[in-house]
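Quick notes on the structure that follows.
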Amino acid sequence: MKNKLYLAGLFLPLLCFLAAVGIYEYRQTRAYEITVPVSGYDPRSLIAGHYILLTVDESRINCTQFPDNSCPPAGFFEKSYKYFTPEGDARPLENLIRKPGNITELLFTVHPNQPPQIKDLLINGQNWKDAPQN
């Protein structure tokens, strides 16, 4: 009897871990990504806290990215999002956002029945780290 309890004690944490991974993977298959244009930022926050405060431009959202090609309801997005950045990347990122002609967007991952989560910051459709600096 003791041997069975020891085996259960050894394998129960492993089974719980595998179940958690399975649930996570299942949720990921139901998630979808959307790209949302943003405007404005707070440069004081960028320097002080190493984040940029970006506001979602709801008037320019492409609604075909959502299920049923319908726009999200009011309140789906927060009024503004903080995009955190390492201290050394703060100034180049600020310059990219300020550069005339650059289009700044946030890439979100959306899980059913949960608020959208920021996945990446895009400049002209590509990761901001890959965007040309000049």
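The values are calculated or read from the model by the stated rules, or taken from the named source; none is laboratory data. Keep in mind that this is a model prediction, so the values were computed, not measured. Here the Cβ positions follow ideal geometry from the backbone for every residue, glycine too, while neighbour counts run over all protein chains shown.
For the stretch 55-72, the condition holds for at least one residue, the condition being that it is of a type in the set (Ser, Thr, Tyr) and under 23 Å from Thr29 (Cβ atoms). Among the residues of the stretch 91-100, those that are within 18 Å of Thr55 (Cα to Cα) and surrounded by fewer than 17 Cβ atoms within 10 Å (Cβ to Cβ) comprise Glu94, Asn95, Arg98, Lys99, Pro100.
Applying the criterion of being touching a strand residue (DSSP E or B) at 6+ places or on another chain (Cβ under 9 Å) and hydroxyl-bearing (Ser, Thr, Tyr) to the residues of the stretch 60-90, the residue that is surrounded by the fewest Cβ atoms within 10 Å (Cβ to Cβ) is Ser80. Residues in the stretch 102-115 that are assigned to a loop (DSSP other than H, G, I, E, B) and either in the same structural domain as Tyr26 (by TED's automatic domain parsing) or under 16 Å from Arg60 (Cβ atoms) (or both) were compared, and the one that is farthest from the chain's Cα centre (by Cα) is Asn102.
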